[in-house]
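Undergrad: I'd like to ask you about the structure that follows.
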Amino acid sequence: LREAKMYQEAFDIYSEGLAKMPDNVNILYARALTAEKIERLDVTFSDLEKIIKLDPANGQALNALGYTLVDRTDRIKEGMAYVMKAYELNPDDAAILDSLGWANYRLGKYDDALKYLRMAFDKLKDAEIAAHLGEVLWVSGEKESARDIWDEALRETPTHKLLNDVIKRFTK
């Protein structure tokens, strides 16, 4: 259902599962990510916080909570702290490097942002990472480099929503 973008239906099924298995970390994580898609950030935060309470070394949950705080709220420093904990646990994880780059960008630290986003993109040629890297390159004045990154990502995932939204926002 999530892959079919039927987020509310997926959320409802995850909620049913959690009614029977309230401490199931996999279901909590899946519901947290799905809740974000239907603008239920309250559930996203509470589910991720519960995972971290159950498993303080869960790098995925730490990263997801940190990234969501950085990306969707003004609680950027709090989000950065979660991302840093995830980074300490998994310093080579591309998603965590992307989150670290994005957090630095949101804090106005463009050089640090570029460092981590380039590391992330070198590890994983992902459209979301490309969108983030391209945005930071663009606002740093490296517009041609941003276009190159975006073009490379578009060849692989031409319909990726975030990537296309970022490109439209900066090149219109």
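Undergrad: For residue 118, all conditions in the list (1) open to solvent by 60 Å² or more (accessible area, probe 1.4 Å); (2) in a helix (DSSP H, G or I); (3) within 25 Å of residue 35 (Cα to Cα) hold save one; what is the number of the exception?
TA: Looking at each condition in turn, residue 118 falls short on (3).
Undergrad: Could you tell me which numbered condition residue 56 fails, if it satisfies all but one of (1) open to solvent by 90 Å² or more (accessible area, probe 1.4 Å); (2) touching a Gly at 6+ places or on another chain (Cβ under 9 Å)?
TA: (2)
Results for (1) touching a Phe, Trp or Tyr at 6+ places or on another chain (Cβ under 9 Å); (2) surrounded by fewer than 24 Cβ atoms within 10 Å (Cβ to Cβ), shown as yes or no for each residue.
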| position | (1), (2) |
| --- | --- |
| 98 | yes, no |
| 102 | yes, no |
| 107 | no, yes |
| 114 | yes, yes |
| 134 | yes, no |
| 142 | no, yes |
| 147 | yes, yes |
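Undergrad: Just the residues that are surrounded by 15 or more Cβ atoms within 10 Å (Cβ to Cβ) and under 21 Å from residue 104 (Cα atoms), please, taken from the range 160-169.
TA: Once the filter is applied, which keeps residues that are surrounded by 15 or more Cβ atoms within 10 Å (Cβ to Cβ) and under 21 Å from residue 104 (Cα atoms), the range 160-169 yields 163, 166, 167.
Undergrad: Being open to solvent by 60 Å² or more (accessible area, probe 1.4 Å) and either among the basic types (Lys, Arg) or in contact (Cβ under 8 Å) with a residue 24 or more places away in the chain (or both) is the filter here; which residues of the range 149-159 pass it?
TA: 152, 155, 156
The values are calculated or read from the model by the stated rules, or taken from the named source; none is laboratory data. In this text the structure is predicted, and so the values were computed from the model without any measurement. We place every Cβ from the backbone using ideal geometry, glycine too, and count neighbours over all the protein chains shown. Accessible surface areas use protein heavy atoms only, side chains included; no ligands, DNA or RNA. Shrake-Rupley method; radii C 1.70, N 1.55, O 1.52, S 1.80 Å.
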